[in-house]
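Colleague: I'd like to ask you about the structure that follows.
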Amino acid sequence: MNFLDLIWLIPILPLCGAALMLLFGRKLSKAVVSIICPGSVLASFILSLGAVIQLAGLKERTHQVVLFTWLPQLHADFGYLLDPLSSVMILVVTGIGFLIHVYATGYMAHEHGPRHGGYYRFFGYLNLFVFFMLTLVLANNYPLLFVGWEGVGLCSYLLIGFYFHKKSAGDAGKKAFIVNRIGDAGFILGMFFLFQVTGSLRFTEVTDALRSARFGPEVTHFGILSLTALLLFIGATGKSAQLPLYVWLPDAMEGPTPVSALIHAATMVTAGVYMCARSNALFALTPETSHIVAAVGACTAIFAASIGLVQNDIKRVLAYSTVSQLGYMFLAVGVGAYWVGVFHLYTHAFFKALLFLGAGSVIHAMSGEQDMRNMGGLRNKIPITFGTMFIASLAIAGIPGLAGFFSKDEILWQTWSSPELGSKVLWVVGFLTALMTAFYMWRLMFMTFFGEPRMDEKTKHHIHESPKTMTIPLMVLAGGSVVAGWIGMPKVFGENGFMQGLEHWLAPVFESGREVAHAAVEHGAAAQHDTTMEWVLMGVSIGAALSGIFLARHIYLRMKAEDRPTGGFIYPVLLNKWYVDELYDFLFVNGLSKGGGTLMAKFDTNVIDGGVNGTAWLTRMVSRISMWYDTWIVDGLVNLTAFTVRALSFPVRFLQTGFLQSYALVFIAGVLGIFGYFWWGR
Amino acid sequence: MQEHLLSIILFTPLLGVLVLMFLPRSQKTLVRLWANISAAAGLLVSIPLIVNFNRNADGMQFVERMDWIPSMGVQYLIGVDGISVLMVMLTTIMGFLAIFSSWDAVKDREKEYYAMFLIQQTGMIGVFISMDFLLFYVFWEMVLVPMYFIIGVWGGPRKLYAAIKFFLYTLAGGVMMLLGILTLYFVHFGQTGRYTFEIAELMKLNMPLGLQQWVFWAFFLGFAVKVPMFPFHTWLPDAHTEAPTAGSVILAAVLLKMGTYGFLRFSLPLLPKASSDHTIVTVLATLSIIGILYGAFVSLMQKDWKKLVAYSSVSHLGFCTLGIFALNQAGIAGSVIQQINHGISTGMLFLVVGVIYERRHTREISEYGGLAHVMPNYAIVFAIAMLSSAGLPLLNGFVGEFTILQGAFDANKTWAAFAVLGVIFGAAYLLWLYQRTMLGEVTNEKNKGLPDLNWREWAVFLPLILWAISIGVYPKPYFDILEKPVAQIVHRVHQTANTEAAIR
């Protein structure tokens, strides 16, 4: 069976699942839904696995399948590209996607949506999401990637608003969609620039063009390539929740927890990282923009981590953690270590999905409670959840041997050592973030699983471990959180095909990009591997992880609640998320949108329509005047003539009375007058 | 049959009216049925047009020529190119759906109502196939009258104000256009000694830029009012809001396209120098962009559901005119596709409003909320209409909008940078509308127990949804059919501009 030519089936299968659910789901039983939806993703996973294995056997590790032309003006096809980068992505999406689907069959079993039968609707959306996500990562051109990009945004909107009877859910969905659209505007312009510069939007052609001699790196100036890269990055900041567009992701936690795990942790939010990695040939030519990417990544990492330190909602902590970890990925991309960004994306998918699903299991056990201040002492009650989350928390904190350690350490090392793009300042930021990460994660662990139980009796009585459909995915992901990093070990641990497996696998996608940058920059000789320094830095970051954990343990396990440091004025600032939401509401929602909208609506009715109605009024006025003129002047003249004649004829009129007697009288008077004249006059 | 196909398409609705006139007024069902049959027949006879149209041929097809008023050089001259074919299909499909959707909605004076729609149908088709300028003008004005009555008789509370505003506004623009037409007519006589209104003949005129500019502005007033472009748009919200649902659908889906079509068929080919004149292009593009953003902003703050949709039209049509004045293949092709898309998605949005208006008789957004609980299918249909209007990929709106943006980008990057903001605000007003009407709890007692879509409403929406998806997924046939005529327009505009530059 030739899996390579069937890669188009990988996204189509979940689409079929989704179509089935949304068209006929109402008639299907839960059991059928629970088989079809996870089943379609599993089938995609198997197809992906087969295709990737066959891809590994090819000499040139790219394979394209073009179905039909989509947008002729941009030479964009419905075409799929399987290469080392997209193969990592499809395995993550289908593999972890399948586990989360299985988990969701358990989690959503008692969760009716607002309408009866929310179950099929939920899985329909979830399958639709997988379709769009796979379209995103398998597309062979930017516009098709954008189809997936917008599609996952739509599914995110639908799933955040799954409990649509809640206003907060509706608000969060809308916010996510619109904030993403802001990024999309940048992405769209970026695509046009790219098309203009390279004459194509197919990844292979764009990359070849950019790596050809036609383009040199824009080292000293901010040229058109830098602008293009920046616009694409703006798109990425929307989808991957980076400063300043991260605000939608924490609110997105209104969605059901499996959604948070799949969309808002493991897959969709990493799309921006994927897109930047996919555009590595472009970013390699634009050090100016790369600096911006690295700086934004690092700032987001520490900023979100700082908010995570004080949040009390278990899912919110994880949400800010996700924003922070995505910042790490962009830091890696920004310093030119593209494969490391993808590496962290891949390890993060395991442990963060696990943390969310674990949190879901906790919430499930706590009858829907999400506030950690009302938890505590759960470790014996829900041991599997505890055990698996324990592993994930160690992994994200960066304890050696676990997945997160290798990827995060590699990011920090590349930040320190990358020849042109590295930065010691950003390393310090990354290091502090690592410290905070360990602290907030273990604060979460201690508040949830250790200490005295703080929940009410009813909830306490009800606590139970989740069903197998939920715990088995947890265990599989825990396994992944341990071993996933082993294919990306530092070279100081020894070099062989397995230990640097991921770097070698991804090399064809990225390596040549780096060569261009290196060759172009004069002092760009390959950096000397300073092994001593690498060991030292590694030790320092392990130290940070451990001290974070112990600090959390000291404060949240040893200290009584009233003794804990309050943090002074900084605490409310962090708790209120630096007041960014309030600022945005003031500036953009109420100021620009509603204010501007109101103003323009007034302008429309008063000025423009006022003008129209004014013209109408003027016309009426004019016609009234002409009517007046007509009545008084024109008709007046006529009447005046008549009047004059009448006036002039006034005396004469009495003469013509029409009475014969009067005439006779006048006649006699006249005769008498004449006689008198002659008689008396002479 | 083939050689008179266009005439058949043109007069089938009118034939329907003729029979309709002899039907007894009291037989309401019969009247409705006959109107539907006539509209369906109108749609059926237009199918051979798209099937037999040769998209690889240059120039006009299915041409019919007859003298009409020989002394004045007026001909009955009709024909179609790719642009016209798409517009005719849009008209016959939307015309049928509009009549079909009126079955339950209109309950008085059915006979006159359907007669108006059918007469209007002929007028609209005539506009899109006339290749004689005076014939065009006759059809152009012919459309005006039925719509005036549709709004004025079957409209909402402020119907008289809206109808008169609509009529006067459009008529004033039309008269200016007539002046422009007559100028061309007499200039042509001056140059050749022959009177004609034939567009192909008028295209051969050699007119200086100055005169072209005057004529351009005269045409502009006629077309810009119809589109409508900012700041000539204020008749639209009133007309849309007061018109009955089917009237709004036709108004949005077809009538507005007469304006954009006018730019494409007359302004650009007949006045290439003026159309590519820097000042004129800048003014037109700026007005388009203002329209895009302004329409979106004003939509955001509307309290009336239908008025919101009406203002969204201003925004969408801004994209269409921007594409036209990008004066390149992508811009114009995108514009024509977007005109169809706007017909589909805004048509759907008006139908969506119509469905709820029929049940509750109010358009106030604040009266609603949580409708997705009581009318789940309706919520799905509305969601699709909204997403199609907001330009979500794999639905129709995206294809047009994206291609127009590409064209605008090629013409001027600043235009694209501003126009792309419309993508953000477009999502904002639609999503907010959706949230306020569909999501949340059902707060208004009157909304509890509203019936969901019935089969007839489904039958109206389903073809539109399928059409929207098909354009979104596979727009290539549309681009193919538009390739030749658009290339011709682009060539003509740029060729003249280039010769001009060479001479200077």
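Colleague: Report, in degrees rounded to the nearest 10, the 0 to 90 angle that the Cα long axis of helix B:305-325 makes with the longest principal axis of chain B.
Modeller: The angle comes out near 20 degrees.
Colleague: Continuing with this model, one more query. For the range A:35-129, rounded, prolate or oblate, judged on the Cα gyration tensor with a ≥ b ≥ c (square roots of eigenvalues), a/c < 1.5 rounded, else prolate if a/b > b/c?
Modeller: oblate
Colleague: Let me ask something else about it. Could you tell me the ratio Rg/Rh of the range A:561-682? Both radii from Cα atoms, Rh via Kirkwood.
Modeller: Taking Rh as the inverse mean 1/r over Cα pairs, Rg/Rh reads 1.85.
Colleague: Place a point 7 Å from Cα of A:Trp535 in the direction of its Cβ. Which residues in the range A:405-429 have their backbone N less than 19 Å from it?
Modeller: In the range A:405-429, the label zone of A:Trp535 (backbone N under 19 Å from the point 7 Å along Cα→Cβ) covers A:406, A:409-410, A:413-414, A:417.
Colleague: Give the residue from A:Gly611, A:Ser279, A:Phe588 lying farthest towards the positive end of the charge dipole for chain A; charges sit on Cβ (+1 for Lys and Arg, -1 for Asp and Glu) and the dipole is referred to the Cα centre.
Modeller: It is A:Gly611.
Colleague: A follow-up question, please. Treating the range B:1-133 as a set of equal point scatterers at the Cα positions, no solvent, please give the Debye-formula log₁₀ I(q)/I(0) at q = 0.22 Å⁻¹.
Modeller: So the normalised log intensities work out to -1.20.
Colleague: Also, quick follow-up: DSSP loop (so not H, G, I, E, B), at most 13 other Cβ within 10 Å: list which trypsin sites (Lys or Arg not before Pro) in the range A:180-279 pass both filters.
Modeller: A:Arg214
Colleague: Please report, in Å, the Rg and the Dmax of chain B, where both are computed over Cα atoms only.
Modeller: 21.9, 74
Colleague: Now, a different point. Go ahead and collect, in residue order, the members of the range B:69-100 whose backbone nitrogen is under 13 Å from a label point 7 Å along the Cα-Cβ direction of B:Ala459.
Modeller: From the range B:69-100, the list is B:97-100.
Colleague: Would you work out the Kirkwood radius for the protein assembly as shown? I mean one over the mean of 1/r across all pairs of different Cα atoms, in Å.
Modeller: After inverting the pairwise mean of 1/r, the radius is 33.1 Å.
Colleague: What do you get when you divide the Cα radius of gyration of the range B:395-464 by 2.2 N^0.38 Å, with N the number of residues?
Modeller: Ratio of Cα Rg to 2.2 N^0.38 Å: 1.67.
Colleague: Could you give me D for the range B:372-504, from Stokes-Einstein at 25 °C and 0.890 mPa s, where the hydrodynamic radius is the Kirkwood radius over C-alpha pairs? Units µm² s⁻¹, please.
Modeller: Value of D from the Cα-based Kirkwood radius: 136 µm²/s.
Colleague: Let me know the charge dipole size of chain B about its Cα centre in debye, to the nearest 20, where only the beta-carbon of Lys, Arg (+1) and Asp, Glu (-1) is charged.
Modeller: It comes to approximately 580 debye.
Colleague: Follow-up. Could you give the size of the charge dipole of the protein assembly as shown about its Cα centre, using +1 on the Cβ of each K and R and -1 on the Cβ of each D and E, expressed in debye and rounded to the nearest 20?
Modeller: 2580
Colleague: Oh, and also: How do B:Ser345, B:Ser313 line up, fewest other C-beta atoms within 10 Å first?
Modeller: If I rank by nearby Cβ atoms, fewest first, I get B:Ser313, B:Ser345.
Colleague: Rounded, prolate or oblate for the range B:127-184? Axes are the square roots of the Cα gyration tensor eigenvalues, ordered a ≥ b ≥ c, and the cut-off for rounded is a/c under 1.5.
Modeller: Judged from the Cα gyration tensor, the range B:127-184 comes out oblate (a/c at least 1.5, b/c at or above a/b).
Colleague: Over its Cα atoms, what ratio of radius of gyration to 2.2 N^0.38 Å does chain A give?
Modeller: My calculation over the Cα atoms of chain A gives 1.47.
Colleague: I want to check the label-to-label distance for B:Thr443 and A:Leu665. Put each point 7 Å from Cα in the C-beta direction and report it in nm to one decimal.
Modeller: About 9.1 nm, to one decimal.
Colleague: May I ask you to sort B:Glu242, A:Glu420 by Cβ crowding, counting other Cβ atoms within 10 Å and putting the fewest first?
Modeller: Listing B:Glu242, A:Glu420 from fewest to most nearby Cβ atoms yields A:Glu420, B:Glu242.
Colleague: Out of the DSSP beta bridges found with both residues in chain A, what percent are antiparallel (nearest 5)?
Modeller: That works out to approximately 100 percent antiparallel.
Colleague: Next question, about the same structure. Nearest 500 deg cm²/dmol is fine: what mean residue ellipticity at 222 nm does chain A get from its DSSP H runs of n ≥ 4 alone, each adding -39,500 (n - 2.57), divided by its residue count?
Modeller: Theoretical 222 nm ellipticity from helices: -22000 deg cm²/dmol.
Colleague: To the nearest 500 deg cm²/dmol, what mean residue ellipticity at 222 nm is calculated for chain B from DSSP H runs of n ≥ 4 alone, each contributing -39,500 (n - 2.57), summed and divided by the residues?
Modeller: Helices in chain B give a 222 nm mean residue ellipticity of -24500 deg cm²/dmol.
Colleague: Same structure again: Tell me, what is the Rg over Rh of the range B:380-426, with Rh the Kirkwood radius over Cα pairs?
Modeller: We get a ratio of 1.06 for the range B:380-426.
Colleague: So how strong a dipole does the range A:345-430 carry about its Cα centre when Lys and Arg Cβ are +1 and Asp and Glu Cβ are -1, to the nearest 20 debye?
Modeller: Roughly 240 debye for the range A:345-430.
Colleague: While we're here: From Cα pairs below 8 angstrom and at least 6 apart in sequence, can you work out the relative contact order of the range B:388-504, rounded to a whole percent?
Modeller: So the answer I get is 36 percent.
Colleague: Once you treat every alpha carbon in the range A:26-66 as an equal point and sum by Debye, what is log10 I(q)/I(0) at q = 0.15, 0.29, 0.35 Å⁻¹?
Modeller: Log10 I(q)/I(0), no solvent term: -0.53, -0.95, -1.06.
Colleague: Suppose R0 equals 45 Å. What FRET efficiency, 1/(1 + (r/R0)^6) with r the Cβ-Cβ distance, do A:Met621 and B:Glu367 give to the nearest 0.05?
Modeller: 0.70
Colleague: Which of A:Val269, A:Gly186, A:Thr237 sits closest to the plus end of the dipole of the range A:170-283, meaning its Cα is farthest towards the positive end, when Lys and Arg get +1 and Asp and Glu get -1 on the C-beta?
Modeller: Highest projection toward the positive end goes to A:Gly186.
Colleague: If you line up the long axis of helix B:28-52 against the longest principal axis of chain B, both from Cα atoms, how many degrees apart are they, to the nearest 10?
Modeller: Around 40 degrees separate the two axes.
Colleague: Pairs of Cα atoms under 8 Å, at least six residues apart: use those to get the relative contact order of chain A, whole percent.
Modeller: After rounding, I find 11 percent.
Colleague: Can you classify the range B:179-313 as rounded, prolate or oblate using the Cα gyration tensor, where a ≥ b ≥ c are the square roots of its eigenvalues, rounded means a/c under 1.5, and otherwise it's prolate if a/b beats b/c and oblate if not?
Modeller: prolate
Read-outs throughout are calculated quantities, based only on the coordinates presented, and are distinct from any laboratory measurement. This one's a predicted model, so the numbers in the text were calculated from it and none came from an experiment. Don't worry about glycine lacking a Cβ; one is built from the backbone with ideal geometry, like all the others, and counts go over all protein chains shown.
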